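These notes are about the structure you will find just below.
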Amino acid sequence: MLYVATLLAESSEVGRDLPRYVERDFARYLECGVLAHGFARVR
């Protein structure tokens, strides 16, 4: 998550903000695989 925060901060500094959906997708991707955010059982 640290690198994404750096990317977002640096892009903001140079005036090239990323679209909100990109920020949202990064956050969702990084939550993937973390059991605290839930999981699905497949049989």
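A few remarks follow.
- Per-residue ³J(HN,Hα) for the range 21-37, Karplus 6.51 cos²θ - 1.76 cosθ + 1.60, θ = phi - 60°, Hz, x for Gly and Pro: 5, 5, 4, 5, 5, 4, 4, 5, 4, 6, 6, 4, x, 8, 5, 5, 9
- Only helices enter the 222 nm calculation for the chain: every DSSP H run of n ≥ 4 contributes -39,500 (n - 2.57), and dividing by all residues gives -17500 deg cm²/dmol, rounded to 500.
Values in this text are rule-based calculations from the coordinates and carry no lab data. Please read all numbers here as calculations on a predicted model, not as lab measurements.
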